[in-house]
Amino acid sequence: MQTTKTLGAIPTAARVHRFTYAIRNIVAEAQKVEATGKRVRYLNIGDPVAFGFHTPAHLVAAVERAMRDGHNNYGPSPGIPAAREAVASEYTANGFPVSADRVFITAGTSEGIELTLSAIVDDGGEVLVPMPTYPLYTAVIAKLNARAKYYRLDPNRNWLPDLDHLKNLVTPETRALVVIDPNNPTGAVYPTDMRRALLEFADEHGLVILADEVYGDLGFRGSVPPLGLLDPDAPIISFSSLSKAYLAPGWRTGWMAVGRTPRLDDVVAAVKKLADGRLCSTVPMQYAVAAALTGDRSHQTGFRRDLEARSDLTVSRLRAMPGVSVVEPTAAFYAMPRVALPPGRTDEQYVKALLHETGVLCVYGSGFGLPAEQGFLRIVFLAPLDELREIYDLMAGFTASYLQ
Ligand SMILES: Cc1ncc(COP(=O)(O)O)c(C=O)c1O
């Protein structure tokens, strides 16, 4: 008999090699740096709670109550009725009429995205995703053996989509258009004329729009309406969650809302079928959805103000660094600066050198699909202002010598 020692390693599936998620992958590198005794400042993950922002007490109370009241059973696979109704009312009040039976409560925006892509894209199907993108899209698309086609966001035009580029990417295999607005990783909010142009483009080519609106309540000037407001009959599926504007990312609770057009009826049925297979999302946390959407949201006013102050500091400090440029964010907690790298260097080399030298951890732009030589990186600016000042001092010193 062969012993464990003589047998080879258990093989892993090819899809794992196609699956990359730079935001967390880079943590392994940071842990090596930490092992040397150096302090690492993690600016890689957009988790406000990790930086001292608190989940509103009435949401914690709603979950606690649900557990005490015995709601620890499996729930209906699309979600508990109260949560679905609250989500439907929220979209409807914001001008995108959705009925509760077209809402699914999911394990964060992430699960909604995965369920939807699984429901609509076959092997070899193509999905238009922004470049830079939030990397979950390309990771899931790769897992499905489908193809991401990147459309450019233009840093010279406030990171708005390049419509001409988008138009050139459509083929008979194109299935969907991903629109992330407000955007991660750029912090951009799209003006109404751009939103209309995207809707027209999707309509012309018969595409469903996956509208990632997880930062919708985090525009510095106030909430950004859903894309569906501009055309409630367009085939739009909107995604959001409690993770960002409701400060509970660890609860893994979110939702997707499918527009009322009958063209999406089969998609609703397909998502329902797939959702049945994973039984349900976390039940006690679903009790926080109605509490969030129908209760007190005053925490958002202070949160938005704090984000804007951090953004202002980030922009002014980055722009003061020779060789560094940045588009000013108008929502969320990300900035995407560009470092004018010497020829032959990559964004990943710069980010890793910054990490090893200073302990500051950002994510390189190529992790979001950008060409590595362009020198972009993403900063999460959720840390307190004083800490951000220290971080930008470290970055300024390092970058000056790196670019010499
Ligand atoms: C654009 C975007 N979509 C989706 C997600 C996933 O969020 P959730 O916690 O709701 O799954 C994130 C998280 O950072 C994000 O930035």
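Buried (at least 21 other Cβ atoms within 10 Å of the Cβ) and either out of contact with any Lys or Arg (no Cβ under 6 Å at 6 or more places or on another chain) or at pLDDT 95 or above (or both): does that describe ARG378? Steps first, please.
Numbers: buried (at least 21 other Cβ atoms within 10 Å of the Cβ): yes; either out of contact with any Lys or Arg (no Cβ under 6 Å at 6 or more places or on another chain) or at pLDDT 95 or above (or both): yes.
Judged against the criteria, ARG378 is a match.
Scanning region 353-393 for residues that are within 27 Å of MET131 (Cα to Cα) and among the charged types (D, E, K, R) yields GLU373, ARG378. Each residue in region 145-174 was checked for being within 15 Å of the ligand (Cβ to nearest atom) and aromatic (Phe, Trp, Tyr), and 1 of them qualify. Cβ-Cβ distances below 9 Å connect no pair with a first residue in region 242-254 that is farther than 23 Å from SER77 by Cα and without any contact (Cβ under 8 Å) to a residue 40 or more places away in the chain, a second residue that is part of a loop (DSSP other than H, G, I, E, B) and within 9 Å of the ligand (Cβ to nearest atom), and a separation of six or more residues or different chains. The set of residues in region 139-177 being closer than 23 Å to VAL327 by Cβ, open to solvent by 80 Å² or more (accessible area, probe 1.4 Å) and not basic (Lys, Arg) consists of ASN156, ASN158, ASP164.
Condition check ((1) touching a Ser or Thr at 6+ places or on another chain (Cβ under 9 Å); (2) farther than 30 Å from TYR364 by Cβ) across all residues:
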{"residue": "ARG18", "(1), (2)": "no, no"}
{"residue": "ILE26", "(1), (2)": "no, no"}
{"residue": "LYS32", "(1), (2)": "no, no"}
{"residue": "GLY37", "(1), (2)": "no, no"}
{"residue": "PHE51", "(1), (2)": "no, no"}
{"residue": "ALA62", "(1), (2)": "no, yes"}
{"residue": "ILE80", "(1), (2)": "no, yes"}
{"residue": "GLU90", "(1), (2)": "yes, yes"}
{"residue": "GLY95", "(1), (2)": "no, yes"}
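Restricting region 84-132 to residues that are within 16 Å of the ligand (Cβ to nearest atom) and more than 17 Å from ILE237 (Cβ to Cβ), the residue that is most open to solvent (accessible area, probe 1.4 Å) is MET131. Condition check for LEU177 on (1) of a type outside the set (Asp, Glu); (2) farther than 21 Å from ASP217 by Cα; (3) away from the ligand (no atom under 16 Å from the Cβ): one failure, at (3).
Looking at LEU279, LEU307, LEU247, just one residue is farther than 25 Å from GLU204 by Cα, in a loop (DSSP other than H, G, I, E, B) and open to solvent by less than 10 Å² (accessible area, probe 1.4 Å), and that residue is LEU247. Going by what's in this entry, would ARG260 be described as touching a residue at least 40 places away in the same chain (Cβ under 8 Å), open to solvent by 40 Å² or more (accessible area, probe 1.4 Å) and in contact with a Lys or Arg (Cβ under 8 Å, 6 or more places away or on another chain)? Here the answer is yes, as ARG260 does meet what is asked. As for region 254-269, it holds at least one residue that is within 12 Å of the ligand (Cβ to nearest atom), modelled with pLDDT of 95 or more, under 21 Å from PRO56 (Cα atoms) and of a type outside the set (Lys, Arg). Return only the number of the condition from (1) among the charged types (D, E, K, R); (2) within 16 Å of the ligand (Cβ to nearest atom); (3) crowded, with 19+ Cβ neighbours inside 10 Å that ARG195 does not satisfy. Just one mismatch for ARG195, condition (2). As for region 316-333, it holds no residue that is in contact with an Asp or Glu (Cβ under 8 Å, 6 or more places away or on another chain), at pLDDT 95 or above, within 20 Å of THR186 (Cβ to Cβ) and not in a strand (DSSP E or B).
The values are calculated or read from the model by the stated rules, or taken from the named source; none is laboratory data. Quick caveat: nothing in here was measured; it's all calculated off a predicted structure. Neighbour counts run over all protein chains shown; Cβ positions are idealised from the backbone, glycine included. Keep in mind that these areas ignore ligands, DNA and RNA; they rest on the heavy atoms of the full protein, side chains included. Shrake-Rupley method; radii C 1.70, N 1.55, O 1.52, S 1.80 Å.
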